[in-house]
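S.K.: Sending over a structure as structure tokens; questions will come in a sec.
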Amino acid sequence: MDDSKIIELYFSRDEKAIEHTSDKYGRLCYYVAYNILKSQEDSEECVNDTYIRLWETIPPTVPQSLGAYSAKITRNLSLDKCKEKGAQKRGENDAPPSYEELEACLPSKDGEPVDELILKECINTFLASLDKEKRVIFIQRYFYMCEIKEIAKKNFLTEANVKVTLSRLREKFKKHLERY
């Protein structure tokens, strides 16, 4: 079933919307959650929470891409769970390494929070400036939280090549952020 029809089911409050979303995007959501949490149980919980969040937010939200919207919700829920687990371990940092890598690029303004809308616009312009291969690698690492080994395999590259590319992309991203 195509996304627009599934979204129509959400708008008509038909519970089959969740079933169709699960059939079409359940594996993607699990993949995103597992890359962050590395736990089957926690990943399944986040995927189920994603369906609840979709039910709560559609309507009024009309996502352009149901798959991307579902993955984003799953990612955010998984990162929240990761922080929660870290807090339960008395402040140990349980964030995925890729999250820490990217966080290091954010310019510090004396503890002030970064404006999320400006950051979103900045990330989008940065991604638009990259060629397709680099954009794919960047998204695989920092959105899907894939391991270096997995990115190398998917893109037919060596791990060393991926590490160097990511290092250069982080430096380029940091400079891009500093201009804002």
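The values are calculated or read from the model by the stated rules, or taken from the named source; none is laboratory data. Every value quoted in this text rests on a predicted model; they were computed, and no experiment measured them. With ideal geometry, Cβ positions are generated from the backbone for all residues, glycine too; neighbour counts draw on all protein chains shown.
This table checks each residue for (1) basic (Lys, Arg); (2) closer than 24 Å to GLY67 by Cβ; (3) touching a residue at least 40 places away in the same chain (Cβ under 8 Å); (4) outside the structural domain of TYR31 (by TED's automatic domain parsing).
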residue	(1), (2), (3), (4)
LYS134	yes, yes, no, yes
ILE139	no, yes, no, yes
MET145	no, yes, yes, yes
LEU166	no, no, yes, yes
LYS174	yes, no, yes, yes
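S.K.: Any idea which of ASP94, ASP80 is in contact with a Gly (Cβ under 6 Å, 6 or more places away or on another chain) and at pLDDT below 95?
M.R.: Within the list ASP94, ASP80, the selection yields ASP94.
S.K.: Any residue at all in region 16-37 that's farther than 20 Å from LYS85 by Cβ, among the acidic types (Asp, Glu) and part of a helix (DSSP H, G or I)?
M.R.: yes
S.K.: Here is a follow-up. Could you check, for region 57-66, whether at least one of its residues is touching a Gly at 6+ places or on another chain (Cβ under 9 Å), assigned to a helix (DSSP H, G or I), surrounded by fewer than 18 Cβ atoms within 10 Å (Cβ to Cβ) and at pLDDT 95 or above?
M.R.: Among the residues of region 57-66, not one is touching a Gly at 6+ places or on another chain (Cβ under 9 Å), assigned to a helix (DSSP H, G or I), surrounded by fewer than 18 Cβ atoms within 10 Å (Cβ to Cβ) and at pLDDT 95 or above, which makes the answer no.
S.K.: Right, next: Output the residues belonging to region 122-180 that are surrounded by 14 or more Cβ atoms within 10 Å (Cβ to Cβ), at pLDDT below 95 and in a loop (DSSP other than H, G, I, E, B).
M.R.: Answer for region 122-180, where residues must be surrounded by 14 or more Cβ atoms within 10 Å (Cβ to Cβ), at pLDDT below 95 and in a loop (DSSP other than H, G, I, E, B): PHE143, TYR144, MET145, CYS146, GLU147.
S.K.: What's the number of the only condition in (1) under 17 Å from CYS146 (Cα atoms); (2) free of Cβ contacts under 8 Å to residues at least 40 places away in the same chain that ILE36 fails to meet?
M.R.: In the conditions (1) under 17 Å from CYS146 (Cα atoms); (2) free of Cβ contacts under 8 Å to residues at least 40 places away in the same chain, ILE36 misses (2) alone.
S.K.: Whether any residue in region 12-19 is polar (S, T, N, Q), closer than 21 Å to MET145 by Cβ and surrounded by fewer than 20 Cβ atoms within 10 Å (Cβ to Cβ) is what I want to check.
M.R.: The answer is no, given that none of the residues of region 12-19 is polar (S, T, N, Q), closer than 21 Å to MET145 by Cβ and surrounded by fewer than 20 Cβ atoms within 10 Å (Cβ to Cβ).
S.K.: Across region 1-15, what is the number of residues that are over 30 Å from ARG141 (Cβ atoms), in a helix (DSSP H, G or I) and not polar (S, T, N, Q)?
M.R.: From region 1-15, those over 30 Å from ARG141 (Cβ atoms) are 1, 4-5, 8-15; that's our starting set.
The next check asks that each one be in a helix (DSSP H, G or I); those that pass are 4-5, 8-11.
Okay, now just the ones that are also not polar (S, T, N, Q), so 5, 8-11.
Summing the residues that are over 30 Å from ARG141 (Cβ atoms), in a helix (DSSP H, G or I) and not polar (S, T, N, Q) in region 1-15 gives 5.
S.K.: If you don't mind, another one. List pairs: first in region 4-25 and touching a residue at least 60 places away in the same chain (Cβ under 8 Å) and within 14 Å of THR61 (Cβ to Cβ), second assigned to a helix (DSSP H, G or I) and of a type in the set (S, T, N, Q), Cβ under 9 Å, 6+ apart or cross-chain?
M.R.: Close Cβ pairs (under 9 Å, with a partner that is assigned to a helix (DSSP H, G or I) and of a type in the set (S, T, N, Q)) amount to ILE6/THR21.
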